[in-house]
Every structure is written in C-alpha cells, then in structure tokens.
Amino acid sequence: MISDVDQFCAQYDCAPSLRIEAPGRVNLIGEHIDYLGGCVMPVAIEPKVTLLVAPESDGGKIELWSTEQNDTKYKISPRDFAPRTIPKERWLNYPIGVMSAYAEQGVMTQGCRVGIFSTLPAGAGLSSSAALETAFALLIEELSGQSCSILERALRCQRAEHKWVGVPCGIMDQLSVGAGVKNHALRIDCEDQSIKPVPLPKGLNLVVADSGVKHALADGEYHERRRDCEAALEILHEKSWRNISLESVLKNQEALGDRLFKRARHVVTEMQRVNDFSDALINNQISKMARLMRASHNSLRDDFEVSCYELDVLVDAGFTFGARKGHAGSRMTGAGFGGSTIHLVHESIASNFIEHLGARYHEAFERELNCFLTQSSHGAHIRSLSTLKPAL
Ligand code: ADP
Ligand code: MG
C-alpha cells in the first residue's frame, strides 16, 4: 500500500516536514449534557485524522487536499474567510473557520501545503469534525509560533464549528480530541471545563460499531433538543442544570408537560449516572458500569428520543452477548439519530463479540456491519518529519 508521505509527495511534488495527528473519540457516558454544563466521560481512540504539511506554497496560499474529499486540491488565501456554500466544498468551512478563530486573536496563518488523511469515519458520531479542527489549530500554532492551552484551542475550534458550520456543539469533542490520555477516560466537567483522567480497567477493550445511519434530520433535532432544555430550565426557574434534582423535576411534571418532563428527566438522571459511572470505573465495578450504560441508552432512547432502531439493535445485541462471557456495557455514543455504538468487552473475547454483533446486525438489516476494536489513545499532537526523505 502506498504510504501517506508518498501520496503527499506525488500530489504536491515536495516532501512534507510536519505530521499532525488528531484522534477521534467515543463517549462512555454523559450524552447530550456537555452543552448543559454537565460532566462527561469520553475516551480518545486510535482512528484519527492526519495532516501532512509542507510549510511553503504557491504565492502564500494554503493548499488543501483531502483523500476523503474527491482528491481535489483547493487553494485558499490565509485572509479569505468567505464561507463555502457549494456542497462538495462545505468541508473547507472547518479549516477556514479555525483560521478565522485564530485570526480573531491576531494569529495569522501562513501559506503551506496540506494533505489530509483519515482512518476515522466521517459523520459516524466519532468526532471527525473536532479532529479535523484540532489538527488545523495545531498547524496554525506551529506555523505562527503562537501556541495556546488545550482549553483555549478547544474553545477556538468549538467557535469555528458554531460560526462556520452552524452546529451549536458543546465542548466535549474538542476537549477529548485535544486532551486524550492513553489508557484513560477523561472526566470533563463542562461547567468549569476541568479535565481529570481516570484509568480504564486493565483488560477491557473498546469496540465501536458504526450503525451506518446518517439521519438528515439530525441537525434540526439537535437544535430542538437544545431549545427544549432551555425551555425546561426556564420553567424550573433555574440558571444551571447542576442545581436541579430529580425530585424537583418530578414535582414540576405538570408544568413541564410530557415532552419537556422527559427531556429534563434525561438530563438530571444522566448527570447522576456520570458521577456513579466515574466511581464505578475507579473501583473497577464492571457490572455497575454495564448497568449505568444500559440506563443511559434507555434514557436517550425513551426520554431524550435521540436513538434509532439500528442503534437499539446494536446495544441490545451487546447485552445479549452476556456479562459472563466478558461483555461489560453498551451504549449509543455521540449525538445520536444514527452514528455509532460503544461496547466495553474483555480483551480475550473481543473478536467473538465483533462476530456476534456483525451476525445480529446482518440478521436485522441484511448488510455488513462496520465494527472495529480500538484502544484508548493520547490527544492530538505534532511531529517534525524533517529527517524524512521522500520516496519519489
Ligand atoms: P462527526 O464529527 O461525528 O464525524 P460531523 O458531521 O460533525 O460528524 O463531521 C463530519 C464532517 O467533517 C464531514 O462531513 C466533513 O465535512 C468533515 N470531515 C471529517 N473528516 C474529514 C476529512 N478527513 N477530510 C475532509 N473533511 C472531513
Ligand atoms: Mg462532529
């Protein structure tokens, strides 16, 4: 197979001197509460977005080429912050948005040639967008010599996604991609934005299954859930979800009405589940972790209404494999309406488990399941390739 460096050399007729890698992430628990100031527990994973960079270019332009986007080469000016509206060019709004967020802080991007490679499926709920943004943020910092903290970088990337892509995402994705620690989950408090790495139990592996579903409705539904939560908070006369107990939600059931009551019940119970899961993880209480992941999935399915049939089939299939055989929890991960499921399994049975999930999925949908085993990974980083010789 032709290496990414060789592909870069063939495309640009020069060798790259920087390699930037940004991982995807799964979230173990704490879904749809990052934008509500809750705590979440993501893990950075091995599949990643890679940038190869040659810091020189034609007339100071930024040349971009992604193997995932028709292999077309684009040239943009470091000062041209016009949004791209043609569908096949919309992905450029991620790098342009990040450049614009740095320019707002007085940090200008210089010309360079960039090749983008990815082992992370895009649009599968594994944060390829945050990986792409973070990789570009590191690139801008490296070329300008003006680096910033992981938190500040994540905030700039989040701002780019809000303003340039129109997705009002929370901060979880960008922080997990930036701050991942090998063999650890991250407990991120999205209210004060603090991050605490929590060790993952030895011998547990992560299995990710891509449901293959991308709902066109997802963006609209995401906005609606955010609006529902704002309306519920107002009815509960509170400024922060962190101050609201389940008792208070139950007491206000009538005022909230059926839909907002269910949304509120998900938020407060999910916040509690993250605390319980974090304790269970620290104390190696695997069956408690599995119970909490099941409850989280059910709450997302029934109260927050963001699951779909394919995700439910995969999660149910995970649990029917059985705890005694080494299964330790399954859940949808990411915003939902399709995307992926995350499964915790003992390393000795991971391949049997993947086979089991694939068989159940095929039985239900008559198509192949894209499912993979992954370890946790460290966060986004940059490496010099200056000693590397191009294989031209
Ligand atoms: P997720 O973050 O869960 O993968 P999103 O819809 O938030 O899903 O982001 C996916 C979008 O990010 C893609 O449609 C594309 O615009 C952009 N993207 C992701 N990876 C790449 C890549 N390797 N090259 C170009 N664009 C990418
Ligand atoms: Mg995304």
Report task. Within segment 124-153, track down each residue that is surrounded by fewer than 18 Cβ atoms within 10 Å (Cβ to Cβ), of a type in the set (S, T, N, Q) and assigned to a helix (DSSP H, G or I). Result -> Ser144
Query raised in the report: For segment 1-45, how many residues meet the condition of being in contact with a Phe, Trp or Tyr (Cβ under 9 Å, 6 or more places away or on another chain), open to solvent by 30 Å² or more (accessible area, probe 1.4 Å) and acidic (Asp, Glu)?
Result: 1
Requested in this report: Inspect segment 139-150 for any residue being out of contact with any Cys (no Cβ under 6 Å at 6 or more places or on another chain) and within 16 Å of ligand 1 (Cβ to nearest atom) and give the result as yes or no.
Outcome: yes
Report task. Name the one entry in Pro87, Pro95, Pro78, Pro121 that is free of Cβ contacts under 8 Å to residues at least 60 places away in the same chain, within 16 Å of ligand 1 (Cβ to nearest atom) and either among the β-branched types (Val, Ile, Thr) or surrounded by 16 or more Cβ atoms within 10 Å (Cβ to Cβ) (or both). Result -> Pro95
**Report entry** Scope segment 328-354; condition open to solvent by 10 Å² or more (accessible area, probe 1.4 Å), at pLDDT 95 or above and touching a helix residue (DSSP H, G or I) at 6+ places or on another chain (Cβ under 9 Å); matching residues
**Finding:** His346, Ile349, Asn352
Query raised in the report: If Val177 passes every condition in (1) closer than 22 Å to Leu138 by Cα; (2) open to solvent by less than 10 Å² (accessible area, probe 1.4 Å); (3) more than 13 Å from ligand 2 (Cβ to nearest atom) but one, which one does it miss?
Result: (3)
Query raised in the report: Since Arg19 meets every condition but one in (1) at pLDDT below 95; (2) more than 16 Å from Ser128 (Cβ to Cβ), which condition does it not meet?
Result: (1)
Query raised in the report: Give me the pairs: first residue in segment 302-322 and assigned by TED's automatic domain parsing to the domain that holds Glu221, second residue in a loop (DSSP other than H, G, I, E, B) and among the aliphatic types (A, V, I, L, M), beta-carbon distance under 9 Å, and six or more apart or on different chains, which are they?
Result: Val306/Ala335; Leu314/Leu369
Query raised in the report: Filter segment 101-116 for residues that are in contact (Cβ under 8 Å) with a residue 40 or more places away in the chain and open to solvent by less than 20 Å² (accessible area, probe 1.4 Å); which is farthest from the chain's Cα centre (by Cα)?
Result: Gly111
**Report entry** Odd one out for Arg263 among (1) open to solvent by 40 Å² or more (accessible area, probe 1.4 Å); (2) of a type in the set (D, E, K, R); (3) in a helix (DSSP H, G or I)
**Finding:** (1)
Report task. Go through the residues of segment 7-18 one by one and say whether even a single one is within 16 Å of ligand 2 (Cβ to nearest atom), in contact with a strand residue (DSSP E or B) (Cβ under 6 Å, 6 or more places away or on another chain) and part of a strand (DSSP E or B). Result -> no
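The values are calculated or read from the model by the stated rules, or taken from the named source; none is laboratory data. Keep in mind the model is a prediction, meaning the values are calculated, not measured. Using ideal geometry, Cβ is built from the backbone for each residue, glycine included, and neighbour counts are taken over all protein chains shown. All accessible areas refer to the heavy atoms of the entire protein, side chains included, with ligands and DNA or RNA removed. Shrake-Rupley method; radii C 1.70, N 1.55, O 1.52, S 1.80 Å.
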